[in-house]
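Notes for the one structure printed next.
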Amino acid sequence: MKYTGAILTLMITMAISACDRTRTCPAFDDSTLNTWFPYETGVTYKFISSDGRQEMLTIEQENYSQEHEIEKKRLGGKEHWCEINGERKTLIDSVVQEQIPLKLFHVVEQDLNNSYSMAGINMTFRTMVKPVILGDGGDKLTLAYSYNNGYSIENFDVWNVNNRNYRNIADITIRDEEANKIGMDKIYIAKGAGIIGYRTYPEGREYWQE
Amino acid sequence: MKHAVLYLILLTITAISFTACRQHEDCPAFDETLFNDWFPYETGVDYSFVSSDGIREVLVIDEKDFTKAYSIDHGTKPTYTAKCDVHGEMRALTDKDKPNKIGMRLQQSQVFAGIKSDYVVLEFRGSKQILLNATENTLGGRHERGSTQFSTQEHHSLDVNGMTYNTVIQITITDESEAARCGLKDIYIAKGQGILGYRSFPGQREYWKEQ
């Protein structure tokens, strides 16, 4: 009789432990990054202005989360989400001579039942201080508005620029105050091509991918 | 020799039974009747819309994709994972260099995942998807799965710029924030004409098709 309490505690502990289960989170799927930013590591992408100036970026690092296990919800504990990340970036984080930085950090969060997921590509480009968060809307890139003060986006189906035809273009405009801070007011991204151009502010100098 | 004949017969029977067991499914070609009746657009032709104060916008169908008849081979052990998908689509593409060019996507689904479907999806000038009934190749009002952000009404006839059009469907974007987002309040579709006109929002500027 005097052991009843201890046995009961042991049984409850065992029952709680039995409820603990793990769940496998999938490896990062790089198809969205490949669709919008098909950069290859080690390759240098050049941008040329109409007056002959040149800037370039080289993706030198890529990190992708592998398949991993997380614990499912414990009784009274916090419910976990799968966090699946992929990153492509240059090794510099500020403009160094003609080299310009780019960091693409794709975050995917899935709940344990795979019934809900959030995803966004955090992009920091050239002189940007904080990332802009981009969403993949199939043929469009979208902005997560609550996180992107100073930025707006317009999508077009086609654009012939710099003697090239592009499909599915995202025309990102950076408003005055932010543009003034980072010295850039336009970024153009095309599906299957990555960043195709940008414009400095207030000079209005346009650079196009070579 | 006797064994060779037996072997040959056995081989033939096996081949026949395998062939007989293969299951094919024929998917029909997209039926263009509704598109021809309601949206008789030709690819590459400019359809102009002009407002009363002279602003001109242009609709050009750049691409058409209609499903051609095809056959699905389910193999000898059918799992039926592949199903017929029959649809037609017309696209007017937005162009960054042509701000007055209207973007439009018009799709009619006739068979989806092997099941007969009955709707037309319209995206026009930045609107969200508008689902319209397309039963028996007749364009009707809002489809039961259509968003509640818009309503439809049918005009037996409508007089515009001195001309009378019969059987006109008026789509009204009833949600004001959505109307403000896409800058559009009403779209008029006339049988035999396609898009007949539209009304912007909040400016209420009316654009009508130039005949």
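The values are calculated or read from the model by the stated rules, or taken from the named source; none is laboratory data. Everything numeric in this text was worked out from a predicted model, so none of it was measured. Note that we place each Cβ from the backbone using ideal geometry, even for glycine, and neighbour counts take in every protein chain shown. Each accessible area value is taken on the protein alone, full model and side chains, heavy atoms only, with ligands, DNA and RNA left out. Shrake-Rupley method; radii C 1.70, N 1.55, O 1.52, S 1.80 Å.
Selection within the stretch B:45-77: residues that are over 18 Å from B:LEU106 (Cα atoms) and β-branched (Val, Ile, Thr). The member of this set that is farthest from the other protein chains (Cβ to nearest Cβ) is B:THR76. Tell me, please, whether a residue that is over 25 Å from B:GLY126 (Cα atoms), part of a loop (DSSP other than H, G, I, E, B) and either more than 14 Å from every other protein chain (Cβ to nearest Cβ) or touching a Phe, Trp or Tyr at 6+ places or on another chain (Cβ under 8 Å) (or both) can be found in the stretch A:135-148. Looking through the stretch A:135-148, none of the residues is over 25 Å from B:GLY126 (Cα atoms), part of a loop (DSSP other than H, G, I, E, B) and either more than 14 Å from every other protein chain (Cβ to nearest Cβ) or touching a Phe, Trp or Tyr at 6+ places or on another chain (Cβ under 8 Å) (or both).
Select from the stretch A:149-165 the residues that are of a type outside the set (Gly, Ala, Ser), more than 10 Å from chain B (Cβ to nearest Cβ) and open to solvent by 20 Å² or more (accessible area, probe 1.4 Å) and write down the one among them that is farthest from B:ASP62 (Cα to Cα).
Step one: filter the stretch A:149-165 for residues of a type outside the set (Gly, Ala, Ser), giving A:149, A:151, A:153-165.
This time we only want the ones that are more than 10 Å from chain B (Cβ to nearest Cβ), so: A:149, A:151, A:153, A:162-165.
Next, only the ones that are open to solvent by 20 Å² or more (accessible area, probe 1.4 Å) stay: A:149, A:153, A:162-165.
Details: A:ASN149: 35, A:ILE153: 24, A:ASN162: 22, A:ASN163: 20, A:ARG164: 18, A:ASN165: 15 Å.
Filtering first and then ranking leaves A:ASN149.
Taking the numbered list (1) under 28 Å from A:VAL43 (Cα atoms); (2) away from chain B (no Cβ under 13 Å); (3) in a strand (DSSP E or B); (4) in contact (Cβ under 8 Å) with a residue 24 or more places away in the chain in turn, A:GLU109 passes all entries but (1).
State all residues of the stretch B:63-102 that are open to solvent by 80 Å² or more (accessible area, probe 1.4 Å) and either farther than 30 Å from A:VAL158 by Cα or in a loop (DSSP other than H, G, I, E, B) (or both); if no residue qualifies, say none. Show your work before the answer.
Going through the stretch B:63-102, the residues open to solvent by 80 Å² or more (accessible area, probe 1.4 Å) turn out to be B:68, B:77, B:79-81, B:83, B:97-99.
B:LYS68, B:LYS77, B:THR79, B:TYR80, B:THR81, B:LYS83, B:ASP97, B:PRO99 - these are the residues of the stretch B:63-102 that are open to solvent by 80 Å² or more (accessible area, probe 1.4 Å) and either farther than 30 Å from A:VAL158 by Cα or in a loop (DSSP other than H, G, I, E, B) (or both).
With the requirement that a residue be away from every other protein chain (no Cβ under 12 Å) and either in contact with a helix residue (DSSP H, G or I) (Cβ under 9 Å, 6 or more places away or on another chain) or surrounded by fewer than 21 Cβ atoms within 10 Å (Cβ to Cβ) (or both), what does the stretch A:166-183 give you?
Passing the criteria: A:THR173, A:ILE174, A:ARG175, A:ASP176, A:GLU177, A:GLU178, A:ALA179, A:ASN180, A:LYS181, A:ILE182, A:GLY183.
Looking only at residues of the stretch B:103-118 that are assigned to a strand (DSSP E or B) and at pLDDT 95 or above, we find that the one that is nearest to B:LYS185 (Cα to Cα) is B:MET104.
With the condition kept exactly as written, say whether any residue in the stretch A:123-133 is loosely packed, with under 13 Cβ neighbours inside 10 Å, among the polar types (S, T, N, Q) and away from every other protein chain (no Cβ under 13 Å). Within the stretch A:123-133, none of the residues are loosely packed, with under 13 Cβ neighbours inside 10 Å, among the polar types (S, T, N, Q) and away from every other protein chain (no Cβ under 13 Å).
A single member of B:GLU123, B:GLU144 is among the charged types (D, E, K, R), in contact with a Gly (Cβ under 8 Å, 6 or more places away or on another chain) and surrounded by fewer than 18 Cβ atoms within 10 Å (Cβ to Cβ), and it is B:GLU123.
Only one of A:GLN99, A:GLN110 is closer than 24 Å to A:GLU62 by Cα and touching a Cys at 6+ places or on another chain (Cβ under 8 Å); which?
Working: A:GLN99 fails: touching a Cys at 6+ places or on another chain (Cβ under 8 Å).
On inspection, the qualifying residue turns out to be A:GLN110.
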